[in-house]
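Some notes on the structure that comes next.
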Amino acid sequence: MERQSRQVTGGLLIVLVLSLFGISTSTKAADTPSTQYLAFQVFTSSLPPNSAGGDAPPLSAPPSKAVVKQVVQGIVDQIGTTGDPHHKLAFIIGPLAFDYTDAQLQQIVRDAFEIAGELNIAVGFHIDDSMFWARRSDLWRDPENVEWLNWEGTLNTGRRIDWGPQPARLAPQMCFNSAGIQAEVTRLATEVIGRAIQQQVSNLSAQGRSDLFAGVIVGWETQLGLDFATNQYLGYCALSNLGFSKAHPPQNPDAELEKVVQNFIQLWASGIKHAGIDPGKIYSHTALLPRSVFDTMNVSNVSYAQINHFAPPEVSFGTNYNPGFSTYPQAGLMEQLYDTLNQHGNPGWASSEGSTVNPATLESVVKPETYLGWMFNHHAALVTIFGWGIGIQDKNPFWQAAASSQALEAYRKFLSGQPLIEDTTDLTANLSGSLPGKIQKIQANLPAWLSHHPDQQNKIARLMTQLDQDIKAGNYQDASTSADTILALIGS
């Protein structure tokens, strides 16, 4: 359970990064859901700017209906159609988080359904299951509700997320199976969020407009996150609640913690379902490093479950919900998802978060039509595009990609019911000038340079280790800087 040092050799690191784009072309699956939704995430709040270190601030108040409607109207206007009964345009509102009061959560739901009816666009909801609960001191001040760093019960210092140049500190990682957390999740899912959604779904049904409900995503990359101060893996509180201890540890701690994560998803989904929502429109949301990439990394003392924060793809499957995943372009990701989905009978699933942009390069590395085909041609019921409306468009590569002319053309093609063609022939060309491109230069020139400069081997090893750490932490700007430093040193 203790976090161990990760060591990746330079050559294998090169293989890892250069393989980011090796996704094969596949044909359209025979069975697809009766209605497929192309959705755009509309955020109720963004990560507070002062959350790197220090105290973890709560989310800001949710936007007014007028503000949300303006964003949604812009999406409708630029795309120019909201589709047909089998191919619907949608917006997903969220995060619906612990940080919001019951009244705020219910108002978000009411406003969103009103916007959907007024603009003839489908609506769905994205629940943050555990990250944003800084306002809930009634919960996190109880040590039984907070995850531990060790068997002695040392509380974690805050949840670490790597969404920007610097790690950000959120409120403490929840202990998923504590009695207090489970009771509050059940209440929020059933009595607050679920009931508010069901009331509006019933109204749509009475109007013959049930297709305007896209569904509910019960999680935001659900996982047992890392401790902020130590970067250690967590889970001792959950294991203790299962009856384990330092004297009597679990035989397979990874398997036990995977069950904890899966049961937490199940708890949220069951609450939404018990409020009256069709479980076929309830989706999980997990994110993973593909197994094929992990196998090239040559890491020691770190398991596949740990590197995925105890949320490998199998965790996304369960009772009362369909699977959902983040689907940013990665080598081997779609193949692994297709295989796992096939093993579970190919249910209608969700791309709960994604983009054509690879976070490692901040570049759009796949054609929008191909990207949509990866999902919609393979049983996906819901595809959620991230990035539209965030920040300043000409400075946000995710917004630029989501609203590009090529993307708009792909959206219209899907919404009109035309077949989506998957074409990956352009992927290799997009390496030029990117982080993988820099690493390709390192691969080509480093061995010969080291043979003439053996005295620099230790320095290169330190730089390669830093590059590896930056990539695995998601600090891609720092990784690019590390790569530039290596290239400058070797004269390439």
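If you plug each phi of the stretch 179-194 into the Karplus form 6.51 cos²θ - 1.76 cosθ + 1.60 with θ = phi - 60°, what whole-Hz ³J(HN,Hα) values come out, in order, with x for Gly and Pro?
4, x, 5, 4, 5, 6, 4, 4, 5, 5, 5, 8, 7, 9, 6, x
Neighbour counts of other C-beta atoms within 10 Å: give me C237, C175 arranged from fewest to most.
Details: C237 27, C175 31.
Ordered by Cβ neighbours within 10 Å, fewest first: C237, C175.
For the stretch 58-112 and the stretch 227-247, what is the separation of their C-alpha centers, rounded to whole Å?
A separation of 37 Å, based on Cα centres.
Give the residue list of trypsin sites (Lys or Arg not before Pro) in the stretch 161-260 that are DSSP loop and have at most 16 other beta-carbon atoms within 10 angstrom.
On the way: sites: R169, R187, R195, R209, K246, K259; in loops: R209, K246.
Filter output for the stretch 161-260: R209, K246.
Give, as a single signed number, the net charge of other residues whose beta carbon lies under 11 Å from the beta carbon of Q400, with Lys and Arg counted +1 and Asp and Glu -1.
Surrounding charge for Q400 is -1.
Go through the stretch 271-283 residue by residue and turn each phi into a ³J(HN,Hα) via Karplus (6.51, -1.76, 1.60, θ = phi - 60°); whole Hz please, and just put x for glycine and proline.
x, 5, 5, 5, 6, x, 8, 4, x, x, 10, 10, 10
Considering only P313, P253, G194, whose Cα is most displaced toward the positive end of the charge dipole of the stretch 194-347, charges sitting on Cβ of Lys, Arg (+1) and Asp, Glu (-1)?
G194
Every number here is computed from the coordinates shown, using simple stated rules; none is lab data. Predicted model, so just to flag it, every value in this text is computed and none were measured. Note: ideal-geometry Cβ built from the backbone for every residue, glycine included; neighbour counts use all protein chains shown.
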